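Report on the structure given below.
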Amino acid sequence: MNTTLFKRELRSSYKLWLIFIAILAMYISVIISMFDPKLGETLDLFAKAMPEMMSLFGMGETGATLIEFLSNYLYGMLMIVFPMVFIIMLANRLVVAHVDSGSMTYLLASPNTRRKVALTQMSVLLSMTFVLLVICVGIAIGASEAMFPGALVIGDFLWLNLGLACLLFALCGYCFFISCISNETGKAVMFGAGVPTFFYLVQMLANMGGKLADLKYATIFTLFNPKAIIAGEASAWWMCGALVVIGAIFFVIGIARFEKRDLPL
């Protein structure tokens, strides 16, 4: 890894990173503040009146505990979609944007191999993604303790976020792979954003159940199951392991392809 390039990319991307942290911090605080028995009853009424609509967004009944509430109303959608958008944007900036603009010429003209450049960019992507997640976890724990002292089972909450980290790793791998094999930012965005978004839309339809339930087998988002993780089910962890394997495969193939392919420099 090239330390100089790593620091440079952090400096050029930290504003985007801070924007997403601010957005997530706001939503996390608002969602936690909604954990109220009276409001919970109202939300349950919505869930019963419009079960398909609430399930579409990964929101079922509020749950009896704070962690169950958060797994429905925070980890059902918001903590997946916003980090996913961040990953898509950052992955494209780190590789294909340099190729498209011609600045990759200067990076490869330095005494750095393509592998070192790719590994450095991969490190930036993973570092910023997982530090973002760690900060969000800290905000959620702090807000929970401030508003509802002792209500959040922190151990279970950390396991939940470890499962989310596995999903984000898989998304990082895929988006980085697309960035590594693309020459134009537009095409990279089309596939890098289009495929994960399509998979998430399929997951939303599968959440509605009924005849659409089998669609869950067509998307990797099914491999992140908050309820199963909280319950400590063994299946939840082999699914998280599958996400890690998927992400690792995409990273390896992406870097290997970047090393060997012709670049329009």
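Taken together, the values in this text are just the output of simple stated rules run on the coordinates, not laboratory data. Remember, it's a predicted structure, so these values are computed and weren't measured experimentally. In this analysis, Cβ positions are derived from the backbone assuming ideal geometry, glycine residues included, and neighbour counts consider all displayed protein chains.
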Averaging over all projection directions, find the projected area of the Cα convex hull of the chain and quote it in nm² with one decimal place. 14.5 nm²
For the chain, what is the calculated [θ] at 222 nm in deg cm²/dmol (nearest 500), taking -39500 (n - 2.57) for each run of four or more DSSP H residues and dividing by its residue count? -26000 deg cm²/dmol
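Can you check what the net charge comes to around residue 151, using other residues whose Cβ is under 15 Å from the Cβ of residue 151 (Lys, Arg +1; Asp, Glu -1)? Show your work: numbers first, answer last.
Details: positive: none; negative: 36, 68, 145, 156.
My count for the surroundings of residue 151 gives -4.
I'd like to compare 22-29, 137-144, 81-88: which one has the highest average count of other Cβ atoms within 10 Å, and what's the full order after that?
Numbers: 22-29: 16.1, 137-144: 17.9, 81-88: 20.8.
Ranked by mean Cβ neighbours within 10 Å, highest first: 81-88, 137-144, 22-29.
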Give me the count of lysine pairs in the chain whose alpha carbons sit under 29 angstrom apart, restricted to pairs 8 or more positions apart or on different chains. 17
Could you tell me what % of all Cα pairs in the range 90-247 have separations over 25 Å? 44 percent
Hey, what does the equivalent ellipsoid look like for the range 63-180, semi-axes from the Cα gyration tensor as sqrt of 5 times each eigenvalue, largest first, whole Å? 36, 13, 11
Over its alpha-carbon atoms, the range 67-106 yields an Rg and a Dmax in Å of 16.2, 50
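How many percent of the alpha carbon pairs in the range 159-199 exceed a separation of 15 Å? List each step's numbers first, then the result.
On the way: 372 of 820 pairs.
Summing the P(r) tail past 15 Å for the range 159-199 gives 45 percent.
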Need one number: nm distance between label points at residue 4 and residue 198, each 7 Å from Cα along Cα→Cβ, rounded to one decimal. 4.2 nm
